[in-house]
1. Could you compute the FRET efficiency for residue A:131 and residue A:86, with r as their C-beta to C-beta distance and R0 at 22 Å, rounded to 0.05?
2. Over chain B, calculate the relative contact order: mean separation of alpha carbon pairs under 8 Å at least 6 apart, over the residue count, as a percent.
3. Cα convex hull of segment B:2-129: how many Å³ per residue?
4. Report for chain B the percent antiparallel among DSSP-assigned beta bridges with both residues inside it, nearest 5.
5. Let me confirm one metric for peptide B:180-187, namely the mean number of other chain beta-carbon atoms within 10 Å of its residues' beta-carbons.
6. Dividing the alpha-carbon radius of gyration of segment B:212-251 by 2.2 N^0.38 Å (N being the number of residues), what value is obtained?
7. At 0.36 nm per residue, and after removing the present C-alpha to C-alpha distance, how many nm does the segment from residue B:194 to residue B:165 gain when stretched out fully?
8. Among the helices of chain B (complete DSSP H runs), which have Cα atoms covering no less than 30 Å along the helix axis and a Kyte-Doolittle mean of at least -1.0?
Amino acid sequence: MDPMEVFKVEATGQEEFGARKYREIIMDILQDLGLIRSIGRLYVYIDIEKPVFAVRGLLRTGIPPLTVKDVGDVLKVEGGYQIKINDEEHMADLLNVLWDHYGRERVEQPVRDVVIIASDTPPSELVVADLEAEFMQDLTDALVRIAPEGFRNRRNEMAKDSFFFIAAEETLKPELILEVKEKIRSMENA
Amino acid sequence: MLEPVMFTGGVYKHDLVIELVEDLGGYVLQRNVTQSEVILLLLVPTEDQAALQALTGELRGELVRAPLAGTEVAVVTPTLAIHHLPHTACDIAEYLRRHGAKSNMIGLARGVGRDIAQITEYEAGLINEHDAVVFIFGNFAECIRKKESLYRNISVPVVVTGGPEMPASDLPYAFEYVPAVGRISHRARKATEIGTLDRIIAAVARALDRTRAEIAKDPLTTSPPRVMDAVREQVPEVEYSYSPLPIALNLNGVRVKLPFEEYKDAVEAVTFDEGVRLKEIAAIKPSRMKDYILVRILPASETGFVF
């Protein structure tokens, strides 16, 4: 069963096999990059005669930014605050944010997973990483991987809750983009 | 008639196998030692295979037929980008290797796309040095038909793989077309996928058989394994080549992995027991692969004798 609410792949001509296979490829790549849960609906339109490849997706938005208290436990200690890191994945980002906010001389890391800050203001609500921006980057990477190779003229329109990606061998003309958008709209309304 | 076989067993006493094969008049094509295990690619006279089988049993080894041994097969993808590698191309190359072939992976510089795909003269020349070639294409029938231009001028048999079922008449320049491969982004592990790899091997084996039949009509002056043996004996520097297979065998010659300018004369001067020198029975030219030496044995119709 697809984890997405809607997942349609349409290919023109006698290319049912290609459409079926691209469905598998898209699932494999999105799963590899851990993006599949963040996409609600996906419409893929392939016209191999032109040739053009387009994807429109609706996102399940609302990933809150990652704060200091999400990556570790913040404790009040004598002379400041101690952060016991639970998630090392964002360690580099965390240190950068703390250095920027408090200054290097007030941030100390006695052991690998403990950071002590000499300050009276708690660091709990500082933003460590903007996961939504990271997600958008990963999504662009996934789309470039998914598009057939050689389709090197690409256009990617990213909005807060949706995206539209189109790739072709030849120059992308405004008429072509409009035509493909129309095709995808009719897939959405079908 | 020499039979290509693969011996797998322990390193301990495997030199007995090599000695036996040499005594029987066979050839050791390749010897791969991996820690305590050894894999030998051998050519053994068919009538003496029982002796080797008995020794293999004694050493607790395994002896299987390697139908592609002594051949070099190119696996060509439109580029070396993530779209084609690693899964499909590596699976096919590895499977060819397991059946005894020496497989080389080639990524074209500008092979992508439907209308813009191109092959250079150098790439075509390099592919033509192999005994057969497998072209790996994608999932769209229209693209596979259009990409015929990539292999139209290749002179060795071309096995084309792709996704959809297509009639052979759609691909007149291909030796055979194997469907159900295409662009896949996971490794071949299901029974059906392994079955497809077997079909590719069978197609390559048929292509090589056709070449063998063509060679048999005008036999080579001597056999490539014999040239390999003589070069190995008389140009000992070849053993110091960093290449895992210092002398690669083809159906119509060998590739000696030494710099052409430095060692051309030494290879030309290789002499056989019959008193014939290699340069009298073979064309020795620079290979398209690095600066190696390519030896192409002339047929009997050109030299007037066979030994």
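1. FRET efficiency, residue A:131 to residue A:86: 0.85.
2. 13
3. Considering the Cα atoms of segment B:2-129, their hull volume per residue is 121 Å³.
4. Beta bridges within chain B, antiparallel portion: roughly 65 percent.
5. Counting Cβ atoms of other protein chains within 10 Å of each residue's Cβ and averaging gives 4.
6. In units of the 2.2 N^0.38 Å rule of thumb, it is 1.41.
7. Stretched fully, the residue B:194-residue B:165 segment lengthens by 8.7 nm.
8. TM-like helix candidates: B:191-217.
The values are calculated or read from the model by the stated rules, or taken from the named source; none is laboratory data. Please read all numbers here as calculations on a predicted model, not as lab measurements. Cβ: placed from backbone, ideal geometry, glycine included. Neighbour counts: every protein chain shown. Only protein heavy atoms, including side chains, enter the accessible area calculation; ligands, DNA and RNA are left aside. Shrake-Rupley method; radii C 1.70, N 1.55, O 1.52, S 1.80 Å.
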